[in-house]
Amino acid sequence: FGSGFLPASFQGTVFSSNAEPVAYIKAQGESEQIQRNKLSLLQSLDSAESDRVNRDGQIEAAISNYELAFRMQRFVPELTDISDESADTLQMYGLEQKTKGTATFARQCLLARRLVERGVRFIELTCPGVGHDRWDQHVNLTNGHNDNAMAVDQPIGALIADLERRGLLDETLIVWSGEFGRTPFAQGSNGRDHNPFGFSLWLCGGGIKGGTIYGATDEFGYKAIENKLMIHDLHATMLHLLGMDHEKLTFRFSGRDMRLTDVHGEVVHDIIA
């Protein structure tokens, strides 16, 4: 969840599945106006110091983070209170399902929709723990993958359907992927090793042409042999769908204008509607 070489203000905020999704999010007895006054004073002092040292990046990040924390104290409690959701919606996502991991992931997906509705621009979901590694089955793949799939199937399907019925899917890009696939041959006790040479992912919404299959592996499912893509191509396509030119999106770091796609990457127009 780090921000890499970008300023710390771009770092993500982790929501837990506990009763308090974000630690220390509730204001401690002070009125909102008192908090606002204290924050304004702190910002003025920090801004003056930042100006004195020629716009220090760490100070600027601290100013942004204080402001974000204040806004989160105002809005996160309401965001994470799902008591206003209908019984049909809760059932659709699977919040009452007893299947291992389903209710946990269902809450994540429902909160993702609520975040989208409130204008949050980037959301990452993590598959729930179901007693096995999350898809990294070096042993016992049959049970592990089955349990993982059962946990996420209903909630992610509900998220797509819910975004569509609310008119949000066309402006929301969903990317479902791991960082590599699994080998087609066994490892250990009915497991599979990492396979970076050929694997699949799916995208939905956000300008993607639905029902499209792009690329293929060899007859063993080991190596990509048709319309082979690299991670930079995926990033270039994602940025294009978000309205950004990956060749012009740069950030100066260590004396170099850095690009997310480095000097590689081509937009895959065949999967775009």
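Just so you know, all these numbers are worked out from the coordinates, no wet-lab data involved. Remember, predicted model here, so these are calculated numbers, not experimental data. FYI the Cβ positions are ideal-geometry reconstructions off the backbone, even for glycines, and counts take in every protein chain you see.
Details
- Rel. contact order, % - alpha carbon contacts under 8 angstrom, at least six apart, segment 126-273: 18 percent
- 19 Å cut-off, amide nitrogen to a point 7 angstrom out along Asn190 Cα→Cβ, residues in segment 114-147: 130-147
- You can think of it this way: the chain between Thr13 and Asn227 has 73.4 nm of extra reach, that is 0.36 nm per residue less the Cα-Cα gap.
- Compared with the dominant principal axis of the Cα atoms in the chain, helix 141-165 is inclined by about 60°.
- Its relative contact order, with pairs defined as Cα atoms under 8 Å and 6+ residues apart, puts the chain at 11 percent.
- Gap separating the Cα centres of segment 240-259 and segment 176-221, nearest whole Å: 28 Å
- Debye intensity ratio I(q)/I(0), log10, segment 31-78, q values 0.15, 0.18, 0.30 Å⁻¹ (C-alpha model): -0.42, -0.57, -1.07
- Taking the helices alone, the chain has a mean residue ellipticity at 222 nm of -13000 deg cm²/dmol, built from -39,500 (n - 2.57) per DSSP H run of at least 4 residues and averaged over all its residues.
- Degrees, to the nearest 10: 102-117 long Cα axis against longest axis of the chain: 50 degrees
- Axis angle, to the nearest 10 degrees, between helix 57-80 and the longest C-alpha principal axis of the chain: 70 degrees.
- If only the Cβ of Lys and Arg carry +1 and only the Cβ of Asp and Glu carry -1, the dipole of the chain around its Cα centre is close to 280 debye.
- Here segment 31-78 is treated with +1 on each Lys and Arg Cβ and -1 on each Asp and Glu Cβ, and its dipole about the Cα centre works out to around 120 debye.
- Within the shell defined by Cβ-Cβ distances under 14 Å, the residues around Ile208 carry a net charge of -3, with Lys and Arg each +1 and Asp and Glu each -1.
- Candidates Ile59, Leu141, Ala112 compared by Cα position along the dipole of the chain: farthest toward the positive end lies Ile59, with charges placed on Cβ.
- Along the axis of the charge dipole computed for segment 1-141 (Cβ charges of +1 for Lys and Arg, -1 for Asp and Glu, origin at the Cα centre), the listed residues Gly2, Ser17, Gln73 are led at the positive end by Ser17.
- Dipole of the chain, positive end: most advanced residue of Leu42, Gly205, Phe220 [Cβ charges, Cα centre]: Leu42
- Using a cutoff of 8 angstrom between alpha carbon atoms and counting only pairs six or more residues apart, the relative contact order for segment 119-192 works out to 40 percent.
- Extension gain, Phe251 to Gln28, is 76.4 nm, computed as 0.36 nm per intervening residue step minus the present C-alpha separation.
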